[in-house]
Amino acid sequence: MRGLTKLVPLALGAAAFGRFVRMRAGAAKATRAAKAVPPTPPVAKKKPHKVLFGAVPGENRGSNPMSPPIERDDDLFWLRDDNRKDPEVLKHLEAENAYAEKHLEHVSPLVETLYAEIKNSIKESDDDAPFAWGPEHEYFVRTVEGSAYPVILRLNRTVNAKNPEVVLDVNEVAKPLKYCSIGAFKPSPCHTLLAYSVDSSGYETYETRFLDLNTGEQLPDVLLDTSGAVSWGGTFSSRGGAEERMTVYYSTQDAAHRCDKVWCHVLGTPQSQDVLVHHERDELFSVGFGRTADGKFVVIESESQETNEISVVDIEASSVDFGVVAVRDDREADDDEPSVLSLTHAPPRVMVPRRLGHRYYPEHRRGRWFVLSNRDGKMNFDLYRTAVSSEDVDGDVDISEASWEKVDGFPWSAGRTLESMSAFSDFLVVEGREDGFSQVWVLSLDESGAITRVKRTEWPTQNCCVYTATASASLSCVGMNQTFETHEVYLAYSSLNCPRTVYKYDMVTDAKTIVKRTPVLGFDGSQYAAARLEITARDGARVPVSVAWKKQKTEQDKSSFPLDAPLLLTGYGSYGVSNDPSFSREDVPLLNRGVVVCVAHVRGGGEMGREWYEKQGKYLTKKNTFFDFVDVANGLIKKGMTSPAKLAIAGRSAGGLLVGASINLEPRLFKCAVAAVPFVDVMVSMCDASIPLTTGEWEEWGNPNEMKYFPYMLSYSPMENIAKRGGGDAELDAKTNTRPELLVTAGLHDPRVAYWEGAKYAARMREATTNGARVLLKTDLDAGHFSASDRYKYFKEKAIEHAFVLDSLGVSSAKPKWVEQ
């Protein structure tokens, strides 16, 4: 008290002195409170801009655009910067990042805890299973503690080598880069050279490089601005047979980021002299390519969302003609590095000309083509083969549709969907679905290509994800099944409570052996339950839902669904993609905190067959996707598993559209939402053919430039259906004033869903939210659609998303400083 008495007149009485002390204490408290106030959210400027839907001179607006066009206002259009360099736009994104960081500052200890739990579950230094590739080597992928990227190694099995050689250390590739994604990794047929591609921005434009595996030196050949894919062609002689050259195939993109051209490159020559093999001019189609399993053909595919066309290049035939000119005047006459005069390529051979709605996928084996096709109304695909083998005749055989015949022994079934196949010398391995579940079939073949045996593979649980295995989760562009003459196939299995497990499956005996189970340290699958249930949607459709949770010690029935629990519901529901239940180590910290994780297999996906997508979840039935998701959420609540106050939702890309549309339908149903790289600006994006991928997407959503689709798409597009304040309407006010907490993420260099969609969505949602719910935008300025390429940075991003969910659901006890006071 001695210090205070100097400030108080002696004449003050005890009561007055007490009031003085209380006043000073209140002032101090007010001062402290003033220092801890909620951060001011960024406010995106409004700049008038007209968007035209319909015919616009000089622009591709589809086959039947409206004329005159319809005008709509988009005063946030200025946030679009195709070059990603506008200072005003970048300043806004940085301000949004700072705002989000402030709002998540109080959960930073939780973020670090979650990150540590995810990171500590990794066996940081680990080798994936080796697999034979080529006549001498086994390749495998290694991760090293502290290193963000994989290392690919190989052993020479013919000399029983003990010390593997490094083929490619992606950490070295990534050193000068902020982002590094490997799009292709292809050793040459003789395994003396390596072709690989690198995306250094996240924009999915690649640089293709070549490495001499004998010397470890990079070749001078560098192919710029490619789509990432690469396949080896053949070797041929030039300069009168004195020199052998190797060819590779690669593709490039047009201005709208559509893969439209396939090229042939001769090693040792400039890219400017490469020959154009295939040019897809129809903007509804994109082009892809790959080498058949037997190595005899390069298959070029032009594909839209509904139709495709296959062309084939016979690698062994004389497809390439290579000529040289005399030495230049400034070179010595004995210089043995000639310049290319011309490179010509025989035109690829079309298998079946495109026709609307027909899709087919071929593989080659012992002179015959085997084909999966949806012709004759078999929406879920059937298996065919060419009637005549090229091994039985001289010259080209008929590969047209007229030559196809049904393969006896594997009858078509309405409940079975055939999605892809892999060919081996004596077997076909077919991947697909049966009765809504992921499945693989092994078909044994005789020399003529007739089926002698069909085996439906069996797995620990039916509700799983099973597929032909990739080399590693960190190198998904490489498959493990690289040997054609074999009776063994590598298959991968995963479920919500079982990490990725790779089996070596004997196709003769059906015996399978585990060769690698991804380590998840501290995780015991027996302590977690996984199940599948069905929710009846509003139109009577039965929507499957996969559910996982951690068993409680007090449960009498360990398999019973938890009640009144915090719950995270995820979904996708587009493009016919099956969102199968598979293990995610990033979700284990949620499960350990009592959160139930659910996957809604809504229409628009392929889980229940092609009709689930083609007839019930695209074009003018797209709303079924969103209705299903909302109905599943309501169904889980009715079952007592959760409540709106404990329900979180999340989705990526088209799954972000699902999240945005569902919030608009039932804003009071969810406590929080994570919309990752969300496709939410459907109308504005889909009307503009200059935006990457737009034209091809017209066969998914419809074209809003056409009256047939304009009103329907407008009725569900998230940006156009964010309800405004009620303006005195009590019922509307009650609905719109209760909105979920929202975290939106974006990647600045994302070519699939541009960053400005998330930025515009966050601005609109924040403007319309009046109940105090957070609306946060977090943009990665160094990444694209698939988040960080650095595995540690990716885990940190997931930790932030999960911390936001746990905080919103009240599982975290931390509060912002301004709330504490």
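When Arg365 is tested against (1) closer than 22 Å to Glu316 by Cα; (2) over 31 Å from the mean Cα position of the chain (by Cα), just one condition goes unmet, and that condition is (2). Taking the range 279-293 as the range and being over 21 Å from Glu697 (Cα atoms) and open to solvent by 30 Å² or more (accessible area, probe 1.4 Å) as the test, the residues that pass are Arg291, Ala293. When Leu153 is tested against (1) outside any strand (DSSP E or B); (2) free of Cβ contacts under 8 Å to residues at least 24 places away in the same chain; (3) on the phi < 0 side of the Ramachandran plot, only condition (1) is not met.
Could you tell me whether the range 393-400 includes any residue that is buried (at least 16 other Cβ atoms within 10 Å of the Cβ), free of Cβ contacts under 8 Å to residues at least 40 places away in the same chain and within 30 Å of Leu284 (Cα to Cα)?
Just the residues of the range 393-400 that are buried (at least 16 other Cβ atoms within 10 Å of the Cβ), to begin with: 397, 399.
Still in the list and also free of Cβ contacts under 8 Å to residues at least 40 places away in the same chain: 397.
Retained after the next criterion (residues that are within 30 Å of Leu284 (Cα to Cα)): none.
No - not one qualifying residue is present in the range 393-400.
Could you please let me know if Asp750 is buried (at least 18 other Cβ atoms within 10 Å of the Cβ), among the acidic types (Asp, Glu) and in a helix (DSSP H, G or I)? Reasoning before the result, please.
Details: buried (at least 18 other Cβ atoms within 10 Å of the Cβ): yes; among the acidic types (Asp, Glu): yes; in a helix (DSSP H, G or I): no.
Judged against the criteria, Asp750 is not a match.
Contact map, the range 211-232: first residue closer than 11 Å to Ser188 by Cβ and in contact (Cβ under 8 Å) with a residue 24 or more places away in the chain, second residue open to solvent by less than 60 Å² (accessible area, probe 1.4 Å) and outside any strand (DSSP E or B), Cβ cut-off under 6 Å, separation 6 or more or different chains; pairs are Leu213/Thr192; Trp232/Ser188. When the range 665-682 is limited to residues that are touching an Asp or Glu at 6+ places or on another chain (Cβ under 6 Å) and of a type outside the set (Val, Ile, Thr), the one that is surrounded by the most Cβ atoms within 10 Å (Cβ to Cβ) turns out to be Asp681.
Within the range 620-652, the set of residues being within 15 Å of Leu742 (Cα to Cα) and open to solvent by less than 40 Å² (accessible area, probe 1.4 Å) comprises Leu647, Ala648, Ile649, Ala650, Gly651. Against the test of being of a type outside the set (A, V, I, L, M), closer than 15 Å to Pro42 by Cα and either open to solvent by 90 Å² or more (accessible area, probe 1.4 Å) or modelled with pLDDT under 95 (or both), the options Lys85, Lys102 yield a single qualifying residue, Lys102.
Of the residues making up the range 593-619, those that are part of a loop (DSSP other than H, G, I, E, B) and buried (at least 22 other Cβ atoms within 10 Å of the Cβ) are Val595, His601, Val602, Gly604, Gly606, Glu607, Met608, Gly609, Gly617, Lys618. There is no residue in the range 328-341 that is among the hydroxyl-bearing types (Ser, Thr, Tyr) and at pLDDT 75 or above. Looking only at residues of the range 537-562 that are modelled with pLDDT of 95 or more, of a type in the set (Gly, Ala, Ser) and assigned to a loop (DSSP other than H, G, I, E, B), we find that the one that is most open to solvent (accessible area, probe 1.4 Å) is Gly540.
Would it be correct to say that Ser574 is among the small types (Gly, Ala, Ser), closer than 24 Å to Arg416 by Cα, at pLDDT 95 or above and open to solvent by 30 Å² or more (accessible area, probe 1.4 Å)? For Ser574, the condition - among the small types (Gly, Ala, Ser), closer than 24 Å to Arg416 by Cα, at pLDDT 95 or above and open to solvent by 30 Å² or more (accessible area, probe 1.4 Å) - is not met.
Identify the single condition in (1) among the hydrophobic types (A, V, I, L, M, F, W, C); (2) part of a loop (DSSP other than H, G, I, E, B); (3) open to solvent by 30 Å² or more (accessible area, probe 1.4 Å) that Ala565 does not satisfy, given that it satisfies every other one. Answer for Ala565: the failing condition is (3).
Looking at the range 407-421, which of the residues that are hydroxyl-bearing (Ser, Thr, Tyr) and open to solvent by 30 Å² or more (accessible area, probe 1.4 Å) is modelled with the lowest pLDDT? If we take residues in the range 407-421 being hydroxyl-bearing (Ser, Thr, Tyr) and open to solvent by 30 Å² or more (accessible area, probe 1.4 Å), then Ser413 is modelled with the lowest pLDDT. For the range 561-569, indicate whether the set of residues that are free of Cβ contacts under 8 Å to residues at least 40 places away in the same chain and over 22 Å from Leu114 (Cβ atoms) is non-empty. Checked the range 561-569: no residue is free of Cβ contacts under 8 Å to residues at least 40 places away in the same chain and over 22 Å from Leu114 (Cβ atoms). Can you tell me which residue in the range 771-816 is least open to solvent (accessible area, probe 1.4 Å), limited to those that are among the hydroxyl-bearing types (Ser, Thr, Tyr) and part of a loop (DSSP other than H, G, I, E, B)? Residue satisfying both the conditions and the ranking: Ser812.
I'm checking my understanding of the structure. Among residues of the range 156-173 that are touching a residue at least 12 places away in the same chain (Cβ under 8 Å) and closer than 20 Å to Val515 by Cα, which one is most open to solvent (accessible area, probe 1.4 Å)? Steps first, answer last, please.
First pass over the range 156-173, keeping only residues touching a residue at least 12 places away in the same chain (Cβ under 8 Å): 156-158, 164-171, 173.
Applying the additional criterion that residues be closer than 20 Å to Val515 by Cα yields 156-157, 164.
On the way: Asn156: 36, Arg157: 98, Pro164: 47 Å².
Ranking the qualifying residues of the range 156-173, first place goes to Arg157.
Where strands (runs of 3 or more DSSP E) fall wholly inside the range 359-398, the ranges with 1 or more residues that are among the hydrophobic types (A, V, I, L, M, F, W, C) and closer than 17 Å to Met421 by Cβ are 368-373, 382-386. When Met707 is tested against (1) more than 17 Å from Arg258 (Cβ to Cβ); (2) open to solvent by less than 10 Å² (accessible area, probe 1.4 Å); (3) part of a loop (DSSP other than H, G, I, E, B), exactly one condition is not met: (2).
Is there a residue in the range 525-536 that is in a loop (DSSP other than H, G, I, E, B) and out of contact with any Pro (no Cβ under 6 Å at 6 or more places or on another chain)? Don't jump to the end; show me each part of the working.
So in the range 525-536, the residues in a loop (DSSP other than H, G, I, E, B) come out as none.
Checked the range 525-536: no residue is in a loop (DSSP other than H, G, I, E, B) and out of contact with any Pro (no Cβ under 6 Å at 6 or more places or on another chain).
Of the residues making up the range 107-124, at least one is open to solvent by 60 Å² or more (accessible area, probe 1.4 Å), closer than 17 Å to Pro519 by Cα and not basic (Lys, Arg).
Remark: pairs (first residue in the range 631-644, within 15 Å of Arg542 (Cβ to Cβ); second residue small (Gly, Ala, Ser) and open to solvent by less than 30 Å² (accessible area, probe 1.4 Å); Cβ separation under 6 Å; 6+ apart in sequence or on different chains) = Asp631/Ala537; Val632/Ala600.
Taking the range 732-751, which residues are charged (D, E, K, R) and modelled with pLDDT of 60 or more? Arg739, Glu741, Asp750 - these are the residues of the range 732-751 that are charged (D, E, K, R) and modelled with pLDDT of 60 or more. Does the range 299-316 hold any residues that are acidic (Asp, Glu) and under 22 Å from the mean Cα position of the chain (by Cα), and which are they? Glu301, Glu303, Glu306, listed by residue number.
The number of residues in the range 412-432 being more than 17 Å from Gly449 (Cβ to Cβ) and hydroxyl-bearing (Ser, Thr, Tyr) comes to 3. Considered as a group, the residues in the range 514-526 that are in contact (Cβ under 8 Å) with a residue 24 or more places away in the chain and open to solvent by 70 Å² or more (accessible area, probe 1.4 Å) include one that is farthest from Asp126 (Cα to Cα), and that residue is Gly522.
Evaluation of Ala402 against the conditions (1) more than 27 Å from Val478 (Cβ to Cβ); (2) in a strand (DSSP E or B) shows that the sole unmet condition is (2).
The test for being modelled with pLDDT of 90 or more, more than 30 Å from Tyr149 (Cβ to Cβ), of a type in the set (D, E, K, R) and open to solvent by 40 Å² or more (accessible area, probe 1.4 Å) does not hold for Glu820.
The values are calculated or read from the model by the stated rules, or taken from the named source; none is laboratory data. Model, not experiment: these values are computed from the prediction. In this analysis, Cβ positions are derived from the backbone assuming ideal geometry, glycine residues included, and neighbour counts consider all displayed protein chains. Just so you know, the surface numbers come from the protein's heavy atoms only, side chains and all, with ligands and any DNA or RNA stripped out. Shrake-Rupley method; radii C 1.70, N 1.55, O 1.52, S 1.80 Å.
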